[in-house]
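Participant: To start, I am sharing the structure in question, which I have written as structure tokens.
The values are calculated or read from the model by the stated rules, or taken from the named source; none is laboratory data. Here the structure is a predicted model, which means the values were calculated and not measured. Positions of Cβ are generated from backbone atoms using ideal geometry, with glycine treated the same way; all protein chains shown enter the neighbour counts. These accessible areas exclude ligands, DNA and RNA; they are computed on the full protein's heavy atoms, side chains included. Shrake-Rupley method; radii C 1.70, N 1.55, O 1.52, S 1.80 Å.
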Amino acid sequence: MTEPVPVIRKLEQALLDDDFAWSLVLTGEDQTDKLATLTGDLRGPVSTTGDGKQITSGFSYWGIGPTIAWANATNDPFYLVMKAGTESFLRHWRKMRPHITKGGFHLVSLGIGTGVKDRTILEDMLRSNPDMYYVPVDMSSEMLRLGTGEPVRTARFPRSQMLPVQLDFSIADNLGELGQMLGRLVGEEPLLYTLTGNTLANFDDDEELLQLITDVLRPQDRLLLEVASTTSLDQETAEAAADEYHQTRAFAEFVTSTLRYNTDLKIDNERVKFIGEVEDEDALLVKILWQNDTDEEIRMGLPDHTEVVLPVGDTIRLYTTRKYSSQRLERLTGACKLVPVEVIESQFRHTRRPSPFGLELLLLKPGAPTAASGGSLADDIWSQ
Ligand SMILES: C[S@@+](CC[C@H](N)C(=O)[O-])C[C@H]1O[C@@H](n2cnc3c(N)ncnc32)[C@H](O)[C@@H]1O
């Protein structure tokens, strides 16, 4: 009797012969746990400063409503920072490219978004390593479906070398399992992990997330990190940073979409506040929150059919973002024992007056800088 052929081997052929729009996703987590987490977070304590009830990082993008809202926000011509960011990424990546295209890397994209940046990276990587794998990792299966269309359609990246993974990468066990699975998939070949689009800044504890990612890096792996930056660290600049997000209606639709789709709260954009402050003297923190600024309590229905009371002044934190100073980046990467291989920085040019804001793209490798080698290289790069 012949052995049965494992379904996964048969599947590739079966899908190739069909022009229906199938997509394969490896689901790493029980989605009911995610809904329970979101519901629990929305039941948090009363706070007037956005530090009680909250929507944490990946939940802002989780589900079809938030995914469409994010895609609309990134395409909004009035969202100037996003536009400038997409353009500067192209220039920055070109300078990073030589470090990657020589090495036979595979790509692990942490947070795919619309896939536009992955397309740029993949075009170059595939040319130099036609056997490469592309593993986009995202909490949102809808975002994975949307984002992977871009490299496949526009850059003709082969579907058979792509493995989308639905997983919350802010959970230590998840990242550990992902790292081990990828190790078994590629053996000793190097992986380029990417965390672009200022995603690091969305996490309450950004150092903790960076450490989790660093923990899965093997000596041959690299991390490409893109963050928003500032050269100025005062209250006025913090308010200007908050204002930047206030300017587009599409962004307001995006930040409120998780509440719209998961609760019965009636959302009035007037109740959404954009608050900027200086954080730890080395970064600007922007909190976007919904606040009950009426003179009556409001009741909000949750996905488990319970209700939560929002007293006058109570808030729900919708989104967190930051702009990093070079000192903060140096402190973060130093704490996680990441060594810069290349750092490229640019200021925004769309404003009439010089802007303190810009973007930094960093290529990092694991390992503490030593006095003899890495230390001096890192110092040279940071002081550029
Ligand atoms: C700011 S967007 C960046 C998208 C893209 N990398 C870029 O540069 O434009 C953040 C992406 O990360 C995903 N994400 C955020 N937090 C996550 C988490 N904890 N686990 C998995 N995915 C997450 C979101 O769904 C979204 O696709």
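Participant: Out of all the residues in the range 86-100, is one or more near the ligand (Cβ under 10 Å from one of its atoms) and not assigned by the TED database to the domain that holds T248? Write out each step before concluding.
Facilitator: Of the residues in the range 86-100, the ones near the ligand (Cβ under 10 Å from one of its atoms) are 86, 89.
Still in the running and not assigned by the TED database to the domain that holds T248: 86, 89.
Yes, the range 86-100 contains at least one residue that is near the ligand (Cβ under 10 Å from one of its atoms) and not assigned by the TED database to the domain that holds T248.
Participant: Taking the range 299-347 as the region of interest, how many residues are over 30 Å from H246 (Cα atoms) and part of a strand (DSSP E or B)?
Facilitator: 5
Participant: What pairs come up if the first residue lies in the range 127-146 and is modelled with pLDDT of 95 or more, the second is open to solvent by 60 Å² or more (accessible area, probe 1.4 Å) and not acidic (D, E), and their beta carbons are under 6 Å apart, counting only those six or more places apart or on different chains?
Facilitator: Cβ pairs passing all conditions: E142/I64.
Participant: Does the range 294-303 contain at least one residue that is within 16 Å of the ligand (Cβ to nearest atom) and open to solvent by less than 40 Å² (accessible area, probe 1.4 Å)?
Facilitator: So in the range 294-303, the residues within 16 Å of the ligand (Cβ to nearest atom) come out as none.
The answer is no; no qualifying residue exists.
Participant: Same structure again: Given the conditions (1) within 17 Å of the chain's Cα centre (by Cα); (2) surrounded by fewer than 16 Cβ atoms within 10 Å (Cβ to Cβ), which single one is not true for F59?
Facilitator: So F59 meets the others, but not (2).
Participant: Something else about it: Any residue at all in the range 107-123 that's basic (K, R), surrounded by fewer than 22 Cβ atoms within 10 Å (Cβ to Cβ) and more than 15 Å from the ligand (Cβ to nearest atom)? First the steps, then the outcome.
Facilitator: Step one: list which residues in the range 107-123 are basic (K, R), which gives 117, 119.
The next check asks that each one be surrounded by fewer than 22 Cβ atoms within 10 Å (Cβ to Cβ); those that pass are 119.
Narrowing the set further to residues that are more than 15 Å from the ligand (Cβ to nearest atom) leaves none.
Scanning the range 107-123, I find no residue that is basic (K, R), surrounded by fewer than 22 Cβ atoms within 10 Å (Cβ to Cβ) and more than 15 Å from the ligand (Cβ to nearest atom), so the answer is no.
Participant: Taking only pairs six or more apart or across chains, which ones have beta-carbon atoms under 9 Å, a first residue in the range 161-182 that is more than 14 Å from L107 (Cα to Cα) and charged (D, E, K, R), and a second residue that is more than 8 Å from the ligand (Cβ to nearest atom) and not in a helix (DSSP H, G or I)?
Facilitator: Note: pairs meeting the criteria are D168/G28; D168/E29; E177/G28.
Participant: Would you mention how many residues in the range 301-347 are over 29 Å from Q211 (Cα atoms) and assigned by the TED database to the domain that holds L225?
Facilitator: 0
Participant: In the range 348-362, which residues are in a strand (DSSP E or B) and either surrounded by fewer than 19 Cβ atoms within 10 Å (Cβ to Cβ) or not aromatic (F, W, Y) (or both)? Full working, then the answer.
Facilitator: Just the residues of the range 348-362 that are in a strand (DSSP E or B), to begin with: 357-362.
Scanning the range 348-362 gives G358, L359, E360, L361, L362.
Participant: Let me ask another. Is it the case that G149 is under 25 Å from D30 (Cα atoms) and more than 9 Å from the ligand (Cβ to nearest atom)?
Facilitator: Working: under 25 Å from D30 (Cα atoms): yes; more than 9 Å from the ligand (Cβ to nearest atom): yes.
Criteria met by G149.
Participant: Suppose we keep only residues that are open to solvent by less than 10 Å² (accessible area, probe 1.4 Å) and touching a helix residue (DSSP H, G or I) at 6+ places or on another chain (Cβ under 6 Å) within the range 304-325. Which one would you say is nearest to T49 (Cα to Cα)? So that I can check it myself, show each step before the final result.
Facilitator: Applying the first criterion (open to solvent by less than 10 Å² (accessible area, probe 1.4 Å)) to the range 304-325 yields 310, 314-316, 318, 321-325.
Pick out the ones that are also touching a helix residue (DSSP H, G or I) at 6+ places or on another chain (Cβ under 6 Å) and you get 318, 321-323.
Values: L318: 12, T321: 15, R322: 17, K323: 19 Å.
Here the answer is L318.
Participant: Does L126 satisfy being within 16 Å of the ligand (Cβ to nearest atom) and assigned to a helix (DSSP H, G or I)? Walk me through how you get there before you give the answer.
Facilitator: Details: within 16 Å of the ligand (Cβ to nearest atom): no; assigned to a helix (DSSP H, G or I): yes.
No: the conditions fail for L126.
Participant: Considering only residues that are open to solvent by 20 Å² or more (accessible area, probe 1.4 Å) and more than 16 Å from Q291 (Cα to Cα), which ones fall in the range 254-268?
Facilitator: Y261, N262
Participant: Would you check if K83 is assigned to a helix (DSSP H, G or I), open to solvent by 20 Å² or more (accessible area, probe 1.4 Å) and more than 11 Å from the ligand (Cβ to nearest atom)? So that I can check it myself, show each step before the final result.
Facilitator: Details: assigned to a helix (DSSP H, G or I): yes; open to solvent by 20 Å² or more (accessible area, probe 1.4 Å): yes; more than 11 Å from the ligand (Cβ to nearest atom): yes.
Yes; evaluated as a whole, the condition is true for this residue.
Participant: For the range 129-144, enumerate the residues that are of a type in the set (S, T, Y), away from the ligand (no atom under 12 Å from the Cβ) and either open to solvent by 10 Å² or more (accessible area, probe 1.4 Å) or in a helix (DSSP H, G or I) (or both). Break it down into steps so the answer makes sense when it comes.
Facilitator: Restricting attention to the range 129-144, the residues satisfying the condition of being of a type in the set (S, T, Y) are 133-134, 140-141.
From what is left, the residues that are away from the ligand (no atom under 12 Å from the Cβ) are 133-134.
Passing the criteria: only Y133.
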